[in-house]
Amino acid sequence: MSKRGKTIALVVAAGSGSRVGSDVPKQYRTIGGKPVLNHALAHLDHPLIDAIRIVIAPGHEGLFEQAVGSGSLPSPIIGGTTRQESVRNGLEQLALEGGVDTVLIHDAARAFLSGGVVDRLLAALDDSDGAVPVLPVVDTLARGGHDLGDTVNRDEIVRVQTPQAFRFGAILDAHRRWAGAEATDDAQVARAAGYRVATVEGDEGLAKLTYASDFAQAEARLSSAMLSRTGLGFDVHAFAENEELWLGGVVIPHSRGLAGHSDADVVLHALTDALLGAAGEGDIGDHFPPSDPQWKGAASSRFVEHARHLIETNGGIIDHADITIICEAPKIGPHRDRIRRVVADLLRLPLQRVSIKATTTERLGFTGRGEGIAAQAVATIRMPKDR
């Protein structure tokens with residue numbers, strides 16, 4: 001938690017996105033093989049942000065779970081019929097839970113946030129009730145209509161972006177007092193209640209995804225700046241008495257478990273190595289040395305989350321994971337769907353982009369003799385070309 005107290009990022013993902021021209025709301029459309037909402041969440045991974053909460057539209061629960069997985073984030077907050085109502089619902093839920101000092105209210109459609117904007121916003125709150133990122137207007141502005149009207153002095157106008165940062169008590173009070181028509185942003189609500197809102201330098205990367213052409217441009221920018229990489233992971237663990245058998249984050253009923261310093265989840269260990277290898281970040285032993293007592297009995301899901309975090313914070317995208325479990329027993333088929341779901345959640349991927357397979361070695365070798373289990377994983381990611 002920062003010196004400013006607990007800071008929550010409240011992501012508004014409750015719009016219909018009708019101007020995009022798609023049946024899927026824009027926050028769930030994909031760019032670079034990843035939903036817009038997921039891009040927004042990855043770019044909110046910042047040391048001064050303590051937690052993220054998301055506001056979604058009524059009826060979008062299925063789309064939300066498909067995009068971000070089940071259990072990887074707190075349950076979403078259900079929004080209202082307007083953006084202002086959705087933000088108000090989110091703020092009221094945070095007030096109910098308590099302990100929030102600062103809130104960053106962000107639109108999911110502005111998916112590519114830089115850490116510098118967050119730093120500038122939170123610093124501005126030392127002297128203000130709120131702060132917003134802005135950019136200058138460089139084009140000539142004129143009143144529209146059938147014929148071109150008078151020009152407008154662009155030196156007096158700025159482009160306002162999100163996230164917008166506020167002292168929590170101030171913005172909650174402002175939303176509770178708001179009695180106007182639909183508010184276009186939260187700074188408008190705060191200023192109407194008499195609160196001071198400072199401006200900080202914005203970022204062109206925060207351009208709002210509104211029209212189909214915006215998505216095409218964003219896709220092109222990502223594609224041109226990314227390089228596809230593939231990583232291979234392989235791991236084996238011997239059976240051991242009096243141990244639980246963890247495979248892919250799922251406890252499998254069996255007479256024996258696997259021996260290892262952590263929970264010995266051979267599937268997640270192989271996946272971690274595949275991710276780290278694709279990212280050029282070494283192997284699991286480099287990050288989680290078996291000689292370190294803090295990892296004794298640790299959940300291997302933490303290793304996968306660490307690898308995913310490394311990739312995302314370096315601007316990478318995980319595209320696909322393919323895992324093969326090699327053993328004579330237990331039978332993997334009855335547990336395959338659960339394992340696939342858990343792995344998809346850990347990677348924040350749609351289920352279709354995770355494959356879980358099982359095979360035997362026809363009773364040959366280590367696994368064929370029933371002495372243990374092996375797993376092989378292949379991960380495909382994209383990383384910025386300069387990484």
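All Cα-Cα distances of segment 129-235, cut into 5 Å bins from zero to the largest, leave 2, 9, 13, 13, 15, 15, 11, 8, 5, 3, 2, 1, 1, 0, 0 percent in each bin in turn. Using a cutoff of 8 angstrom between alpha carbon atoms and counting only pairs six or more residues apart, the relative contact order for the chain works out to 16 percent. Placing +1 on the Cβ of every Lys and Arg and -1 on the Cβ of every Asp and Glu, with nothing else charged, gives the chain a dipole about its Cα centre of roughly 520 debye. With an 8 Å Cα cut-off and a minimum separation of 6 or more residues, compute the relative contact order for segment 336-387 in percent. The value is 19 percent. For the pair segment 189-208 / segment 326-377, the C-alpha centres are spaced 49 Å from each other.
Largest GNM mean-square fluctuation among Arg83, Arg29, Arg154, using the chain with Cα springs under 10 Å: Arg154. Neighbour counts of other C-beta atoms within 10 Å: give me Phe366, Phe64 arranged from fewest to most. Taking fewest neighbouring Cβ atoms as first place, the list is Phe366, Phe64. Helices in the chain, meaning DSSP H runs of at least 4 residues, each add -39500 (n - 2.57). Divided by all residues, the mean residue ellipticity at 222 nm is -9000 deg cm²/dmol.
Could you tell me what percent of the DSSP beta bridges with both partners in the chain are antiparallel, to the nearest 5? Beta bridges within the chain, antiparallel portion: roughly 60 percent.
Exposure proxy for Leu44, Leu349: other Cβ atoms within 10 Å of each Cβ, ordered fewest to most, give Leu44, Leu349. This structure gives volume of the Cα convex hull per residue in Å³, computed directly, and of (1) 120; (2) 168; (3) 149 that value is listed as (2). Centroid-to-centroid, using Cα positions, segment 62-103 and segment 106-123 are 18 Å apart.
Relative to the longest principal axis of the Cα atoms of the chain, the long axis of helix 266-279 lies at roughly 50 degrees. Helix 336-347 axis versus longest C-alpha principal axis of the chain: approximately 40°, rounded to the nearest ten. Along the axis of the charge dipole computed for segment 7-210 (Cβ charges of +1 for Lys and Arg, -1 for Asp and Glu, origin at the Cα centre), the listed residues Thr162, Pro25, Thr184 are led at the positive end by Pro25.
Would you please give the FRET efficiency between Arg369 and Val24, computed as 1/(1 + (r/R0)^6) with r the Cβ-Cβ distance and R0 = 51 Å, to the nearest 0.05? With a Förster radius of 51 Å, E is 0.55. The C-alpha atoms of the chain define a longest principal axis, and helix 168-177 lies at about 60 degrees to it. Computed over every Cα-Cα pair of segment 227-384 and binned at 10 Å starting from 0, the pair-distance distribution P(r) comes out as 12, 43, 34, 10, 1 percent.
Between Ala220, Ala67, Ala264, the GNM of the chain built on Cα springs shorter than 10 angstrom shows Ala220 fluctuating the most. Taking the fewest neighbouring Cβ atoms within 10 Å as the starting point, the ordered list for Asp50, Asp286 is Asp286, Asp50. For segment 131-254, a crude dipole built from +1 on the beta carbon of Lys and Arg and -1 on the beta carbon of Asp and Glu, taken about the Cα centre, is about 500 debye to the nearest 20.
Where both partners of a DSSP beta bridge lie in segment 251-380, what percent of those bridges are antiparallel, to the nearest 5? Approximately 55 percent, going by the DSSP bridge assignments. Measuring spread by the Cα atoms of segment 1-154 yields a radius of gyration and Dmax of 17.6, 55 Å. Placing +1 on the Cβ of every Lys and Arg and -1 on the Cβ of every Asp and Glu, with no other charges, gives segment 227-384 a dipole of roughly 540 debye about its Cα centre. Identify which of His146, His306, His106 has the largest mean-square fluctuation in a Gaussian network model of the chain, with springs joining Cα atoms closer than 10 Å. So, out of His146, His306, His106, the one fluctuating most is His146.
Relative contact order for segment 7-210: 24 percent, from Cα pairs under 8 Å spaced at least 6 residues apart, divided by residue count. Most simply put, segment 111-270 has about 70% antiparallel DSSP beta bridges, counting only bridges with both residues inside it. If R0 is 51 Å, the Cβ-Cβ spacing of Ala142 and Leu310 corresponds to a FRET efficiency of close to 0.60.
Bear in mind that the values in this text are calculations on the coordinates, not laboratory data. Keep in mind that this is a model prediction, so the values were computed, not measured. We place every Cβ from the backbone using ideal geometry, glycine too, and count neighbours over all the protein chains shown.
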